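Each value in this text was obtained by applying a stated rule to the coordinates, not by laboratory testing. This structure is a prediction, so every number in the text was calculated from the model and none was measured. Cβ: placed from backbone, ideal geometry, glycine included. Neighbour counts: every protein chain shown.
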Amino acid sequence: MREAGILVNLHYIPVHLQPYYQEMGFREGDFLEAEQYYKEAISLPMFPTMTEEQQNQVVSTLKELLA
């Protein structure tokens with residue numbers, strides 16, 4: 001997506017992987033489903049001034065990548 005000029009971000013960093021919780025003893029592997037989601041999920045661009053053309057570009061690029 002980024003190579004096509006579409007900015008995407010990580011959607012969710014599992015709480016147990018954040019420094020505060022690491023100090024409390026939580027480790028990678030403690031919550032496998034949350035970690036799997038973290039590895040696969042992205043946040044697509046979405047903002048109030050996004051045009052229909054921009055929306056179509058995001059959708060068509062995503063479709064191409066998933067095909």
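Brief remarks follow.
- The residues of the stretch 27-67 that are in a helix (DSSP H, G or I), basic (Lys, Arg) and within 28 Å of residue 17 (Cα to Cα) amount to a single one, 39.
- Neighbours by Cβ (under 7 Å, 6+ apart or cross-chain): first from the stretch 30-47, closer than 13 Å to residue 1 by Cβ; second exposed (fewer than 10 other Cβ atoms within 10 Å of the Cβ) and basic (Lys, Arg): none
- Residue in the stretch 1-26 that is farthest from residue 58 (Cα to Cα), counting only those that are assigned to a loop (DSSP other than H, G, I, E, B) and among the small types (Gly, Ala, Ser): 25
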